[in-house]
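The values are calculated or read from the model by the stated rules, or taken from the named source; none is laboratory data. All figures in this text were calculated on a predicted structure; none of them were measured in a lab. A quick note on method: Cβ atoms are made from the backbone with ideal geometry, for glycine too, and the neighbour counts reach across all protein chains shown. Areas reflect the complete protein model, heavy atoms only, side chains present, ligands, DNA and RNA absent. Shrake-Rupley method; radii C 1.70, N 1.55, O 1.52, S 1.80 Å.
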There are 2 protein chains.
Amino acid sequence: MSWVLYHYPLCPFSRKVRIILKEKGIDFQLVYEKYWERRRGFLLLNPTGVTPLLQSTSSKKLYFGNYSLFEFIENIGDRMLPTNDEEAYRARSVAEWFDVKFYNEVTRYLLEEKVIKHLTVGLSSVSPNSSAIRAAKKNIFSHLDYLNYLLQNQAGYLCGEKIGLADFAAASQLSVLDYIGDVPWEYSPLAKTWYALVKSRPSFKPLLEDEVPGIYRSAQYQNPDF
Amino acid sequence: MSWVLYHYPLCPFSRKVRIILKEKGIDFQLVYEKYWERRRGFLLLNPTGVTPLLQSTSSKKLYFGNYSLFEFIENIGDRMLPTNDEEAYRARSVAEWFDVKFYNEVTRYLLEEKVIKHLTVGLSSVSPNSSAIRAAKKNIFSHLDYLNYLLQNQAGYLCGEKIGLADFAAASQLSVLDYIGDVPWEYSPLAKTWYALVKSRPSFKPLLEDEVPGIYRSAQYQNPDF
């Protein structure tokens, strides 16, 4: 069985699925989707209108929704969650922190103001909102504190010795900001060491090769010893 | 094992957990939490700051996060999801539609503008945003169309003959709006019939008895033949 993943390179939720499919050894092809353009062909497949969207090439069935899609692919290949219920709760809850709280307080603002508005300049009369950018850049510190707290209490990864869903969710959000150079890594050496570990995995390599036309890629983005 | 649930009566995510715990036959006590007040004692238990929060009275362990909390309690008592992976995906994805898309496009606006601002009047200088209220009241129609579409293709409930997660997620959002009288039920007779079915379940009864001081409860809210 093979798959097609509709994604946008700087969409953190697309990134998470790309990493997880690779970790699971699932073959897939990418389709580049600028979701904010609301292309009719894409909306017909996925009425939520946002990336990622996964389609089975054999059954043509469609899977979308950040949480629903993950729970579905978790049944295929190596598991990203611990088998113990209590530990699986902790892993899901750290992932949900980054998917929801980090995204809404940090990534969303920077993605909208510094990427999407930049790419649609001329098409819309809306200019970047500098107070949203300032808020995001301020908010990131409490999330780095949270990462630091998790890493102080764990052995190497966010939920213990084994890498998994929580790490991939957090690294997906951070990697979008790292692309545009907006992570103050010097603030948390523990978080930086953890991110370097995640970044060095083969599943992460295709993300490091992403280059989005029109969006400046920071110098340290591809560098494992940043 | 017994549980304590920190909830706010008009928080749709709290409502969903209240219904599901009842459906599963799990005993719990309620703690009334005005989450927007950001009470220090609550934030110490739950750094996300939002309801619901579930605590085990024996182990004192804490569970929060809309998605993580559900997946954890799904291991206890009767299952709310089908056992087939494909059907479980469909159920989760309909639930996610209402938890994320419906909430962000409809419930969130009306809850903030018509409930929270009303309750904090005098404490803040912010007055209700009438354009947000208008947007929510317009957006609800496409969601009623979606409900209609699901119900035309299914037998009784949103994902088939058996009631489950999708129905409870959707009804939780709608019930908050129904409390304040903001669901145009006459627009979709199919959705109305489905909601009457969900509303008549014993698990829903405690919600119908909710009365929030200061917030007018619409006449049809408690009525099964509305």
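The figures follow:
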| quantity | calculated |
| --- | --- |
| The range B:134-226 - percent relative contact order, Cα under 8 Å, separation 6 or more | 28 |
| List A:VAL115, B:VAL31, ordered by accessible area with a 1.4 Å probe, largest first | B:VAL31, A:VAL115 |
| Under Karplus coefficients 6.51, -1.76 and 1.60, residue-wise ³J(HN,Hα) of the range B:171-182 in Hz, glycine/proline x | 5, 5, 5, 4, 5, 5, 5, 5, 4, 8, x, 10 |
| Residues whose placed amide H lies under 5 Å from that of A:GLU33, excluding near-sequence neighbours | A:HIS7, A:TYR8 |
| Distance-filtered residues of the range A:85-110 - backbone nitrogen under 20 Å, label point 7 angstrom along A:ASN75 Cα→Cβ | A:85, A:88-89, A:92 |
| Computed magnitude of the charge dipole of the protein assembly as shown (debye, nearest 20; Cβ of K, R +1, Cβ of D, E -1) | 680 |
| Potential extension, B:SER2-B:ALA132 segment - 0.36 nm per residue separation minus Cα distance | 42.8 nm |
| Note, ³J(HN,Hα) from phi for the range A:209-221, Karplus 6.51, -1.76, 1.60, rounded to Hz, x at Gly and Pro | 8, 4, 9, 9, x, x, 10, 5, 8, 5, 4, 8, 4 |
| Cβ-based charge dipole, chain A, positive-most Cα from A:GLY25, A:LEU69, A:CYS159 | A:LEU69 |
| Size of the B/A contact, given as accessible area buried on both chains, probe 1.4 Å, in Å² | 2300 |
| Cut-off under 5 Å, modelled amide H: who pairs with B:VAL121 long-range | none |
| Cα gyration tensor shape for chain B, rounded if a/c is under 1.5, else prolate or oblate | oblate |
| Chain B, accessible surface, carbon-and-sulfur percent (1.4 angstrom probe) | 52 |
| Euclidean distance of C-alpha centroids, the range A:86-157 and the range A:44-77, integer Å | 23 |
| Semi-axis lengths, Å, the protein assembly as shown, gyration tensor of Cα atoms, sqrt of 5 times eigenvalues | 35, 25, 24 |
| Chain B Cβ-axis minimum, rotational copy A, residue and distance in Å | B:TYR67, 2 |
| Sites matching GluC sites (Glu not before Pro) across the range B:68-161 that sit in DSSP coil, with at most 11 neighbouring C-beta atoms within 10 Å | B:GLU161 |
| Accessible area (Å², 1.4 Å probe, nearest 10) - A:MET1 | 150 |
| Cα-centred dipole magnitude for the range A:69-172, charges only on beta-carbon of K, R (+1) and D, E (-1), debye, nearest 20 | 640 |
| At 7 Å out from Cα toward Cβ: A:ILE133 inter-copy label distances (nm, ascending) | 3.6 |
| Hz values of 3J(HN,Hα) by residue in the range B:103-119 - Karplus curve (6.51, -1.76, 1.60), Gly and Pro given as x | 4, 6, 9, 10, 4, 3, 4, 5, 5, 5, 7, 9, 10, 5, 4, 5, 6 |
| Calculated label separations, B:THR120, copies of the chain, 7 Å along the beta-carbon direction, nm | 2.8 |
| 7 Å along Cα→Cβ, label-point gaps from A:THR48 to other copies, nm, shortest first | 1.6 |
| Nonlocal amide H pairs with B:GLY181, under 5 Å, H built at 1.01 Å | B:SER218 |
